[in-house]
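The values are calculated or read from the model by the stated rules, or taken from the named source; none is laboratory data. Every value quoted in this text rests on a predicted model; they were computed, and no experiment measured them. Cβ coordinates were reconstructed from backbone atoms using ideal geometry, including for glycine residues, and neighbour counts include every protein chain displayed.
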Amino acid sequence: MDSGVRVGGFPCKRAFNCYLSAENLALLHRETNRFWGPSICVTDPMARGGLIPLESARLAFRTVANEYNPVACSLLEATVDYPFRFGEELGTKARRWGQALRKRFIDRMERFFPKTGVLDSPDGYIFARTVPCPDTKEHPPTPLVPDWHLLKPKGGGRDVVAEPLVGKNNRTWSVQIRTIGQKRGQLHEAPQPTYIDGRGISLFSHQQISADYIQAKAQAGEMKSTLYALVINTPQGLTFQPPNPRDVQVLNDAERELARLLPKWQETNVIPTESVPVGDKTGDFSGKGTDLPLKRGERKWTDMFSSRQLLCIGVLVEELQNLRSGGDQG
């Protein structure tokens, strides 16, 4: 019978947010000892982020947890092992060093994330993969976008889309932010996708681009990406705007900065330059493993990031190493 009291599930607070009184903890152990005996051991061989072993440890049960994913193993140590081993001092030190790392990162990276007007930096950047248009003389990069929607609000509100516009020279494209509706100035329906079932449609010639052509260009290193919208979080909700020349310029600046630092980072193993193994399915639930990134021409792990993303990763790792050694940025 449904009592009307929810005791679990995603809408509920996580258990670790709730205080455990000494009285309730003693009652729990009396009942578990009566039912299972005093030698309780909770095991979780596929613990992922450690939610179950964390609650078991909070209840003072002997707990054994494991994971084959190295990221999950790190999370298990950080959330289950270290807090119980080192106590409250760990939190104080983690906050202090976290603030130091954050300051170092911001000092070096803030110029690559400029503010938009008087607002803070954008909350998100939306890119489109592109390939050279096969049907026009100059072969301009044409976007492969399966859905031009930027926002699909639930429970009311207008859909927001990016409407692609071809430049007068028929060699460039940009977007206009529009809402869907029947009023004046609104689009009646979302723009047609330019990527469907592995095939593309050129913005410039309006001709279909074959899947084989897209894959060939990707593996030749000619699949690129273009920033076409910025996400701005305002008190009134999310808004969107096309990139301005400064937004494009900082991406170019980040690419040059990455090129400057890359030789040193490759020597010191700061960024993941290893080759992507064929058929590796670690952490992938699609069953396709590394087949898709390899088809996109992503032969190294670094190929999966944009220049600015890779610059962020490298700066974080380098500054973490500097903090560990007590040194400063070189």
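Some points to look at:
- The single condition among (1) at pLDDT below 95; (2) more than 30 Å from Gly157 (Cβ to Cβ); (3) in contact with a Leu (Cβ under 7 Å, 6 or more places away or on another chain) that Ser325 does not satisfy is (3).
- Restricting Leu258, Leu230, Leu292, Leu238 to residues that are closer than 30 Å to Lys154 by Cβ and not assigned by TED's automatic domain parsing to the domain that holds Thr136 narrows the list to Leu292.
- Evaluating Trp148 against the criteria (1) more than 24 Å from Gly181 (Cβ to Cβ); (2) in contact with a strand residue (DSSP E or B) (Cβ under 7 Å, 6 or more places away or on another chain); (3) surrounded by 17 or more Cβ atoms within 10 Å (Cβ to Cβ) leaves one unmet condition, (1).
- Those residues of segment 64-75 which are buried (at least 17 other Cβ atoms within 10 Å of the Cβ), out of contact with any strand residue (DSSP E or B) (no Cβ under 6 Å at 6 or more places or on another chain) and within 15 Å of Thr43 (Cα to Cα), in sequence order: Glu67
- Scanning segment 34-63 for residues that are farther than 21 Å from Ser21 by Cα and either surrounded by fewer than 13 Cβ atoms within 10 Å (Cβ to Cβ) or outside the structural domain of Ala22 (by TED's automatic domain parsing) (or both) yields a count of 7.
- Every residue from segment 76-95 that is in contact with a Pro (Cβ under 9 Å, 6 or more places away or on another chain) and either surrounded by fewer than 13 Cβ atoms within 10 Å (Cβ to Cβ) or of a type in the set (Gly, Ala, Ser) (or both): Gly91
- Selection count, segment 96-116, where residues are out of contact with any Pro (no Cβ under 8 Å at 6 or more places or on another chain), under 16 Å from Gln249 (Cα atoms) and either exposed (fewer than 13 other Cβ atoms within 10 Å of the Cβ) or hydroxyl-bearing (Ser, Thr, Tyr) (or both): 3
- Ala47 more than 28 Å from the chain's Cα centre (by Cα) and assigned to a loop (DSSP other than H, G, I, E, B): no
- Of the residues Gly279, Gly289, the single one that is outside any helix (DSSP H, G or I) and either modelled with pLDDT of 95 or more or under 20 Å from the mean Cα position of the chain (by Cα) (or both) is Gly289.
- Exclusive hit being of a type in the set (Lys, Arg), modelled with pLDDT under 90 and over 21 Å from Gly87 (Cβ atoms), set Arg48, Arg34: Arg48
- Of the strands (runs of 3 or more DSSP E) lying entirely inside segment 155-265, those containing at least 2 residues that are touching a residue at least 24 places away in the same chain (Cβ under 8 Å) and surrounded by 14 or more Cβ atoms within 10 Å (Cβ to Cβ) are 160-166, 173-179, 224-234, 237-241.
- Looking across segment 291-330, the residues that are among the charged types (D, E, K, R) and closer than 20 Å to Ser275 by Cα come down to Asp291, Lys295, Arg296, Glu298, Arg299, Lys300, Asp303.
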